[in-house]
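The values are calculated or read from the model by the stated rules, or taken from the named source; none is laboratory data. Every value quoted in this text rests on a predicted model; they were computed, and no experiment measured them. Cβ sites come from the backbone with ideal geometry, for glycine too, and all protein chains shown count toward neighbours.
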Amino acid sequence: MVWAQFHFVEALLLCRLLQKAGITHLHNHFANSGATVGLLASRYLSIPWSLTLHGISETDHPAGELLPDKLSAAIFVACASWFMRAQGMRKVQSSEWGKFHIVRCGVDLQTLPLGPITLPTPEVRFVCVGRLSAEKGYFGLLDAFGSLLSQGISAELGIVGDGPLRDEIEARLAQFEWADRVRLYGALPEQKTLQKIAESDILVLPSLMEGLPVVLMEAMALRKPVIASHVAGIPELVDDGNNGLLFTPGDWDHLEQKMLHLATNRQARLHLGENARATIEKEFEITKAVQPLAALFQETVET
């Protein structure tokens with residue numbers, strides 16, 4: 001009830017801003033509490049409203065409780081992946097399925113570091129970027145990384161991100177003799193995060209739950225080979241063996257096998273990296289990715 005009151009007040013403040021700016025269509029980029037505020041404001045002003053679905057966090061508790069009402073109220077629903085389109089469709093009547101459209105997130109290639117930065121080093125450098133939370137699978141990644149080291153592979157792992165599991169991750173690392181091979185960088189600004197990816201050899205994403213992570217697109221745009229879990233919308237981006245590698249979610253032995261393969265095969269890394277860049281240029285470059293959303297806005301104006 002308390003949060004509902006906050007949302008109501010925020011919606012009224014948003015209404016004033018929208019009226020002052022002469023806004024005639026409101027779009028929320030996430031289906032979370034911000035979408036609740038946006039929906040309330042659009043109802044008060046009687047203007048069209050739409051939203052984007054990105055990941056499972058929007059269908060799970062607490063955001064998921066109001067999701068069916070939001071989807072029904074939206075004039076259209078942009079979905080970052082076919083997977084999320086399906087999750088949204090199961091929340092509403094089949095008569096509303098036509099409002100769901102695929103609108104990919106994109107990468108601005110002009111903002112990326114100039115060229116793939118790979119400094120000479122005897123070690124293979126893995127990097128992982130994400131919030132330090134349970135669904136990101138960090139403990140499994142540490143197990144796979146430790147197994148890799150036990151086989152004599154010279155490697156290091158950098159983790160960019162912060163979150164509620166940081167203390168537990170640090171405590172787990174303290175149990176290992178190879179803890180000095182892992183660096184916890186904490187949360188970094190976007191450009192510094194991109195720099196860490198550019199300085200790495202391989203990006204690993206061990207998530208148990210995802211949508212379609214932009215960090216994968218960024219790494220691929222930087223010609224970095226990626227290893228990611230075969231979950232949610234990720235297979236729509238990563239074609240296993242062609243522009244990246246996929247592993248069975250939660251199967252840390254399988255993850256370790258994929259890490260070992262790339263750690264010991266530089267040519268495979270280069271091949272996957274080049275194909276990864278081509279994939280981004282074809283479908284996920286920002287000026288191309290935004291076109292379906294622009295077309296949906298135009299249709300709304302015309303109707």
statement: Those residues of the range 56-70 which are of a type outside the set (D, E, K, R) and assigned to a helix (DSSP H, G or I) amount to I56, S57, A63, G64, L67, P68
statement: Filter the range 211-228 for residues that are assigned to a loop (DSSP other than H, G, I, E, B) and among the hydrophobic types (A, V, I, L, M, F, W, C); the one that is nearest to E135 (Cα to Cα) is L212
query: Among the residues of the range 280-303 satisfying the criterion of being among the β-branched types (V, I, T) and not in a helix (DSSP H, G or I), which is nearest to F126 (Cα to Cα)?
result: V290
field: Count of the range 237-279 residues which are part of a helix (DSSP H, G or I), out of contact with any Lys or Arg (no Cβ under 6 Å at 6 or more places or on another chain) and in contact (Cβ under 8 Å) with a residue 60 or more places away in the chain
entry: 8
query: Can you name the residue in the range 71-84 that is in a loop (DSSP other than H, G, I, E, B) and of a type in the set (A, V, I, L, M, F, W, C) and, of all such residues, is surrounded by the most Cβ atoms within 10 Å (Cβ to Cβ)?
result: A74
message: I'd like to check something: does the range 266-274 contain any residue that is in the same structural domain as G152 (by TED's automatic domain parsing), under 30 Å from I102 (Cα atoms) and surrounded by fewer than 18 Cβ atoms within 10 Å (Cβ to Cβ)?
response: yes
Selection within the range 85-105 - within 16 Å of H27 (Cβ to Cβ) and either assigned to a helix (DSSP H, G or I) or small (G, A, S) (or both): G88, K99
- request: With respect to H29, determine if the residue is assigned by TED's automatic domain parsing to the domain that holds D60 and either among the acidic types (D, E) or in contact with a helix residue (DSSP H, G or I) (Cβ under 6 Å, 6 or more places away or on another chain) (or both).
  value: no
message: Criterion first (of a type in the set (K, R), in the same structural domain as L157 (by TED's automatic domain parsing), surrounded by 14 or more Cβ atoms within 10 Å (Cβ to Cβ) and not in a helix (DSSP H, G or I)) does K196 satisfy it?
response: no
message: Could you tell me how many of the residues in the range 113-128 are at pLDDT 65 or above, assigned to a loop (DSSP other than H, G, I, E, B) and within 22 Å of the chain's Cα centre (by Cα)?
response: 1
message: Among (1) touching a strand residue (DSSP E or B) at 6+ places or on another chain (Cβ under 7 Å); (2) crowded, with 18+ Cβ neighbours inside 10 Å; (3) touching a residue at least 60 places away in the same chain (Cβ under 8 Å), there is one condition L39 misses while meeting the rest; what is its number?
response: (3)
